[in-house]
Structures are given as structure tokens and as C-alpha cells.
Amino acid sequence: MWRDTVLVAGKDLRIEIRSRVALSQVVPFGVVALALFAFALGPDRAPMAKAAPGLFWVAVLFTTVLAVQRSVSVESSDGARDGLRLSGLDPAGQFLGKLLSVAAQLLALEAVLAVGVVLLFGTRIEAWWLIVASCLLGTLGLAAAGVLYGALSAGLRVKETILPFLLLPVVTPVLLAGTRIWQAALAGGTPSYGSPWFHLLIAFDAVYLALGVVVYGPIQESA
Amino acid sequence: MTTTVPVTAAEPAATPAALLPPGLVQSRRMVWTTRIIGMAAAVTVALTVWLGLWVTPPDKVQGDLVRLVYLHPGVAWVALYLAFGLAAVASLLYLWPRTRSLFWDRLAAAAVEVGVVFNVCTLISGSIWGRPTWGVWWAWDARLTLTAVLLILFLGYLTLRRVPAEPDVRAKRCAYAALFAAVDVPLVHFSVVWWKTLHQGATVLNANLSPEIHGSMAWTLLLGFVALTLVFVWMLLVRYRIGALEDHLGSGELEVALLERRNEGAEAAR
């Protein structure tokens, strides 16, 4: 399973590195979203700094939709999905591989966005470890749920429009937890405040990882 | 340019009456069960209205507003627990290979659709109650937010159902979607509870199991739960039957269309 994971993740990431779609379209979209939030909240620094944690995660959520759609569409042509299905690779490995690829892209985007939040919104980050931990855990959950819903909608003609509608409400807990942990991190970072939210993120990751490992194969066969 | 050639009378599947599945239309037991439950629902709802509006006293603090207590918790119970729980269990039973049957798929679909109606009623009755007591139509309270998120998840499921596909494919896809959404509900629950809480705690099923409501009000509240559960079951049965008929008609129409195209081909070849 792990070998297959590395293979699939390597394949997806190689495609992204060579095609540069993630770099030239997905990441800029996140930055554009951040800039739009800044325009919407006006030139005053105070409301922007206050809303920064939520805006960061909303931008990440929107970009997740793009990254998942991209991850589905690289396999939509030339019968690539059937090829993967027939390749004999472990479905759990395929799930984890696609998840790692999406997660890696999202983490790169989050690094850019975090710098953007600090520079554009004038926020000061007091506890870096909270930020890093919340991003790692949140991204894992987003990627897991995203790849699952991506597989579910892959065969549909309306996949572009139905994916955000199905996926975004489901990842509400990540948005709430991520935002609250960021607020704690910006306010000085007391671990006691952040900890129930970390439990929530870990539970979310565990649920969707386990679900994906179990049902990714059957979904591929039925879609 | 295509011209539709009338289907020859030799094809029995073309007449609507022949398309009806025998087990559904001719099962008198099913029809009578539905009718009896419907009548029981009507009677209990009427009793609840009478007790709630005329017999029970107004509340010391809330006055006549308290009469919403006979409606709102019952509707919420159906929407949040009964409908969603039934949809989740039915979807799981569909996915389980040994119990796989379109029965569970249609049951899940019916539960979700009726659940949406009850969910919207929950939000509306809650808003009507919230405005005079809390001073706002909507508050970002834990339970309200959970109800709203559930409504969106329900609507997503129904949207997915509307994507045309073979009944088996659609059933499987929707069952997975229901499963993914169902495992999310406890997570959303905890996240919004920690996020904010304004709503009062449960009145009857609270932690120390001592109801904070007494006398005729308690009985009316209980009757309201029974009445709304009966309404839910009745709507569920009717919706299930419609779903089964729709599926049957859909496959019948496909056969008719295939036959028509085949006839066209035969005409052209002549």
C-alpha cells in the first residue's frame, strides 16, 4: 500500500510540476481571494487583522475545491481512470497518494497565504507552532474529504458545479477549528484554548482517512 | 428531423397501467397501512392543536408564546434525529452487500426529502419563537447552526439524486454521499457547540432525566412528538411509493423510447 501511495503521489506531483497548473493558476487564485477580502473589508487595518484567521481558512477552502477538481481532471482524459483501476495498485494506496499530492499543494499555498496575511492584513503571529500544527492537521482533513468527494463526483457531467456544494458544508468543522486555533495563535497562543479544537481536527482527519482507505476502491468501481 | 412513430399496440410496456409494479399498487395492506397512519396523524395533530391552543395554560414568563413548545421540539426531533438517522441507516444498509436493495435507497431518499420539509419547518418555527424571546430572527447559536448545516447537507444529497443515472449507480453514489455526510454530523455538532451556545438545553431528555415541564403541558408536548412522528411516517410512506412508481415509469419510458427508435430504424430501412 505504501509503495502505491508513493507512486500515485509522485505521479500527481510530477504532473503538477511539469504542467505548472497548480503554481500558475491555483496558488494565484488563493492570493487573489486574499486581495479581494482586503478590498471588501476596507483599507483600515483593524477589521482586516480581526478577520484574518477566518479569511485565511476560507481562501484555503475555496482553493481546496480547485485543487481537488484539478486532481480529478488529470485523470479524466485518455481513459486514465480506467488505467489506474486496471493497474492493480491498491485502492487505499491510490487514495492516500492523491491525498498526499493535494495536501502538498495546499500546504505550499498555505505558506504563501500565511505570508500574505501577515504582510497585507498587518497581523502579528505570536505562536508559530499553533499555526503550523493547525495547517498540517487541517490540510490533511481537507485533502482526505476532498479526494473522497472528488472520486464520488468524478464520473458526473456536472462535477465542477456539484463538488463545491457537496464538499464545502462537510468541511465546516475544519474551518471553525482552524479559525479558532489561528485566533489563539494571533492572540498569544495558550495551548489550553486551542486543544479541544486540535482534538476536533484529529477526529476529522481520522474519520475521513479511515473512510477513504475503506471505500475509495468501491467508489472507483461504481462511478 | 425526427418523427415519432406511434408504438405498436403489441408492446404491453407502453401502456401506463401495465407499467405499474404489481407489488405496490395492488398491495392493499400497504395502501391501508398508509391510510390508517395518515388518519392517526390527522387525529393526533388535531388533538395537539386543541390541547396546545385551548386547554393548556399560558406560561408565567413567555405567555402564549410557550405554545410553540408543542410544535417546535417535535418538528426538530423528526428533522434532526428521525429523518437523518433513518437516511443514514438506510444508506448503510444499501451499501452493505447482503442487504443491498433499492428498497433502502428509496427509503433513504424519501427520508431525506421529508426531512428537508421538517428541517425548514424547524428553522421557521424556531425563528418565529426566537424573534420575541431572544430579540432576533436568527442567532449563530450551536443548535441553529447545526440545523442549518444539516439542511445544506440534505440539499446536497437531493441535488446529487437529481443527477441522471441508472438507478443502481445513482443509489450507490447517493448512499456514499449520505455516509460521508453522516459521519460529519458529530464533528459539526461538537465544533458548533464549542463555537457558540445560546439555545436552552433539552427540556425532557436532559442529563438528570427530570423533565422541567409538568401536567397538561408535558402531556401535550409528548402528544406533539407522537403526532409529528406519525405525520413523518405517513409522508415517508407516500413518498416511498411515489419514488418506486417514478423509477418504474422511468425504466418503462426508456423501453418505450428504445422501441420508438427501433421502429424509426425499421421505417427508414424499408
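Here, each number is a calculation from the coordinates, and none is a lab measurement. Quantities reported herein were computed from a predicted structural model and do not represent experimental measurements. Quick reminder, even Gly has a Cβ in these numbers, built from the backbone with ideal geometry, and neighbours come from all protein chains shown.
In the range B:36-77, which residues have a backbone nitrogen under 11 Å from the label point lying 7 Å from B:Val238's Cα in the Cα-to-Cβ direction?
The answer is B:38-39, B:42.
Using a simple spin-label model with points 7 Å from Cα along the Cα→Cβ vector, what separation in nm is obtained for B:Ser101 and A:Met1?
My value for the distance between the label points is 3.3 nm.
Percent of Cα-Cα pairs per 10 Å bin, from 0 to the last occupied bin, for the range A:1-88, please list those.
15, 35, 25, 16, 8, 1
How large is Rg over Rh for the range A:38-131, taking Rg from the Cα atoms and Rh as the Kirkwood inverse mean of 1/r across Cα pairs? Mind dumping the intermediate values first?
Numbers: Rg = 18.2 Å, Rh = 15.7 Å.
With Rh from the inverse mean 1/r over Cα pairs, Rg/Rh is 1.16.
Across the range A:71-87, in residue order, what do the Karplus-derived ³J(HN,Hα) couplings come to in whole Hz, using 6.51 cos²θ - 1.76 cosθ + 1.60 with θ = phi - 60° and x for Gly and Pro?
Result, rounded to whole Hz: 5, 6, 6, 5, 10, 7, 9, 6, x, 5, 5, 5, x, 4, 5, 7, 6.
Would you list B:Trp138, B:Trp234 from fewest to most Cβ contacts within 10 Å?
Placing the least packed residue first, the sequence is B:Trp138, B:Trp234.
With no solvent and one point per C-alpha, what does the Debye sum give as log10 I(q)/I(0) for the range B:44-183 at q = 0.18, 0.20 Å⁻¹?
-0.96, -1.09
Starting with the fewest neighbours, write out A:Glu75, B:Glu166 ranked by other beta-carbon atoms found within 10 Å of each beta-carbon.
Going from least to most buried by this count: B:Glu166, A:Glu75.
Please give the contour-minus-distance gain from A:Leu23 to A:Ala40: 0.36 nm per residue of separation, less the Cα-Cα distance, rounded to one decimal in nm.
Gain on stretching A:Leu23 to A:Ala40: 3.6 nm.
Let me see the pair-distance distribution of the range B:42-89: every alpha carbon pair, 10 Å bin width, integer percents in order.
It works out to 24, 40, 26, 10, 0, in whole percents.
Return the calculated 222 nm mean residue ellipticity for the protein assembly as shown, to the nearest 500 deg cm²/dmol, obtained by summing -39500 (n - 2.57) across DSSP H runs with n ≥ 4 and dividing by the residue count. The partial results should precede the final answer.
Numbers: 18 runs with 372 residues, N = 493.
The helix-only estimate for the protein assembly as shown comes to -26000 deg cm²/dmol at 222 nm.
Could you go through the range B:31-42 in sequence order and give the Karplus-derived ³J(HN,Hα) for each residue, using 6.51 cos²θ - 1.76 cosθ + 1.60 with θ = phi - 60°, rounded to whole Hz, and x for Gly and Pro?
Each residue of the range B:31-42 in turn: 4, 5, 4, 4, 5, 5, 5, x, 5, 4, 5, 4 Hz.
Among B:Pro73, B:Tyr176, B:Asn119, whose Cα projects farthest towards the positive end of the dipole of the protein assembly as shown, with charges put on the beta-carbon of Lys, Arg (+1) and Asp, Glu (-1)?
Highest projection toward the positive end goes to B:Pro73.
What is the mean projected area of the alpha carbon convex hull for the range A:2-222, to one decimal in square nanometres?
Over every viewing direction, the Cα hull of the range A:2-222 projects on average to 11.9 nm².
Using Cα pairs under 8 angstrom and six or more residues apart, how large is the relative contact order of the range A:2-222, in percent?
The value is 28 percent.
Would you mind checking the radius of gyration and Dmax of the range B:120-171 based on alpha-carbon positions, in Å?
15.8, 49
Only Lys, Arg, Asp and Glu count, each charged at its Cβ (+1, +1, -1, -1), so figure out the dipole size of the protein assembly as shown about its Cα centre, rounded to 20 debye.
I would put it at about 240 debye.
How large are Rg and Dmax for the protein assembly as shown when only the alpha carbon atoms are used, in Å?
Here Rg and the maximum Cα pair distance are 26.5, 86 Å.
For an R0 of 30 angstrom, estimate the FRET efficiency from the Cβ-Cβ distance between B:Leu65 and B:Leu222 and round to the nearest 0.05. Don't skip to the answer; put the middle values down first.
Working: r = 20 Å, r/R0 = 0.66.
Once rounded, the FRET efficiency stands at 0.90.
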